[in-house]
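Asks: Pasting in a structure now, in structure tokens, and then I'll have a few things to ask.
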Amino acid sequence: MKKHIFLTLAALVALVSCNKDDTVQPAPFQYQLTNAKINLGSSQSKGPVGCIELNDNGTYYAEIFADRADYEGLEKYLQVPFERILVGTKDRKAARYVSGNYSADYTSYQFDGLGTLSFEPDLQYAHYSFPDGKEYRDRTGFTLGAQLPSFQAANGRWTPCEADVKVYNLGNNTQFHGTYSTVDFRQMAADVAYACVPALEPYLPLFEGYTMARMEVSRLNTFVIDYTDGKMLGGYWTLDPVERTVSKTLEDKRVLSTLLTVTPAISGNTFTLTIYGQIKMDNLPAYTLDLTIKLVSYSESADLKAEGR
């Protein structure tokens with residue numbers, strides 16, 4: 001009996017020894033994700049990158065946390081419809097966006113203008129290396145396209161072609177109505193200040209550079225809007241109507257609060273944003289704002305330009 005047990009154990013040891021080098025190892029991570037988001041930026045993020053979106057056309061969008069001191073222009077108002085592209089997060093950290101092309105090999109992703117990203121074997125942490133030599137390690141995770149809500153077909157490039165603005169001064173019953181062929185917030189603000197809101201004039205420098213150049217919409221519901229001063233703002237949006245209040249303390253210590261409602265609509269090659277605002281000074285109604293912005297799809301805008309319209 002003992003001999004039988006010994007022979008059985010010897011056979012098992014021999015079998016394990018023979019197969020030691022043939023043990024199945026986990027397959028290495030394949031750096032080939034597309035239409036996916038690499039999530040890094042929680043509220044405790046160690047680095048400046050919140051999320052990187054990988055698009056199937058070889059481009060990326062990266063969410064870069066912004067300094068609050070540099071986020072005091074129109075950003076708080078222009079960001080009303082959008083959440084951070086790190087889907088599911090509840091914080092409203094200030095962020096801007098960069099974009100470019102990316103490539104991948106067996107060890108990392110390389111992002112033009114941003115740097116290199118690689119993962120540890122358990123995929124729980126990522127390593128970033130920036131072009132300036134800075135490096136950091138951060139927790140990570142993935143969001144794939146199949147995990148996101150269904151989305152209306154708005155992906156592509158949109159070019160602004162018209163803005164219609166109406167402002168009513170509730171204090172003296174003066175009003176302004178203007179229609180523009182571009183979405184130049186500085187020009188619109190100057191006209192409104194001259195016509196019916198003289199208190200706006202000292203703040204006109206805050207509107208400098210905020211002319212919409214184009215809007216890109218990815219398949220993963222990321223909106224990135226280019227402005228002429230180089231800012232890229234936007235974020236994640238499901239195209240549902242959004243209502244949010246933005247408050248700001250002015251230099252004279254009065255409190256300006258604006259309740260903005262943004263409603264989108266897509267019809268054919270036209271994307272329409274309807275923005276309604278109720279503006280209060282020290283909690284007293286002061287102005288109303290009706291702004292309609294129209295954008296056309298890239299191919300349509302090229303046709304209009306060729307026709308001289």
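Asks: For residue 87, state whether it is at pLDDT below 90, touching a Leu at 6+ places or on another chain (Cβ under 8 Å) and not acidic (Asp, Glu).
Replies: Against the criterion (at pLDDT below 90, touching a Leu at 6+ places or on another chain (Cβ under 8 Å) and not acidic (Asp, Glu)), residue 87 qualifies.
Asks: Quick one: is residue 222 of a type in the set (Val, Ile, Thr), in contact (Cβ under 8 Å) with a residue 40 or more places away in the chain, more than 20 Å from residue 277 (Cβ to Cβ) and out of contact with any strand residue (DSSP E or B) (no Cβ under 7 Å at 6 or more places or on another chain)?
Replies: Against the criterion (of a type in the set (Val, Ile, Thr), in contact (Cβ under 8 Å) with a residue 40 or more places away in the chain, more than 20 Å from residue 277 (Cβ to Cβ) and out of contact with any strand residue (DSSP E or B) (no Cβ under 7 Å at 6 or more places or on another chain)), residue 222 does not qualify.
Asks: Please list, ordered by residue number, the strands (runs of 3 or more DSSP E) wholly in segment 169-257 having 3 or more residues that are in contact with a Phe, Trp or Tyr (Cβ under 8 Å, 6 or more places away or on another chain) and among the aliphatic types (A, V, I, L, M).
Replies: In segment 169-257, the matching strands (runs of 3 or more DSSP E) lie at 212-217.
Asks: Starting from segment 77-90, take each residue that is among the basic types (Lys, Arg) and list its partners that are at pLDDT 85 or above, counting only C-beta distances under 8 angstrom and pairs at least six apart or across chains.
Replies: Sorted first by the residue in segment 77-90, then by its partner, the pairs are 84/50; 84/51; 84/63; 84/235; 84/236.
Asks: What are the residues in segment 180-200 that are under 13 Å from residue 167 (Cβ atoms) and exposed (fewer than 15 other Cβ atoms within 10 Å of the Cβ), if any?
Replies: 194, 198
Asks: Please go through segment 225-249 and pick out each residue that is in the same structural domain as residue 295 (by TED's automatic domain parsing) and loosely packed, with under 13 Cβ neighbours inside 10 Å.
Replies: Of everything in segment 225-249, those that are in the same structural domain as residue 295 (by TED's automatic domain parsing) and loosely packed, with under 13 Cβ neighbours inside 10 Å turn out to be 240, 241, 243, 245, 247, 249.
Asks: So in segment 204-222, with the set limited to residues that are within 18 Å of residue 94 (Cα to Cα) and buried (at least 22 other Cβ atoms within 10 Å of the Cβ), which one is modelled with the lowest pLDDT?
Replies: Applying the filter and picking the extreme gives 222.
Asks: At pLDDT 95 or above and among the charged types (D, E, K, R): which single residue out of 135, 162, 120 fits that description?
Replies: Of 135, 162, 120, the one residue that is at pLDDT 95 or above and among the charged types (D, E, K, R) is 162.
The values are calculated or read from the model by the stated rules, or taken from the named source; none is laboratory data. Being a predicted model, the structure only gives us computed values, none of them experimental. Glycine gets a Cβ as well: all are built from the backbone with ideal geometry, and neighbour counts include every protein chain shown.
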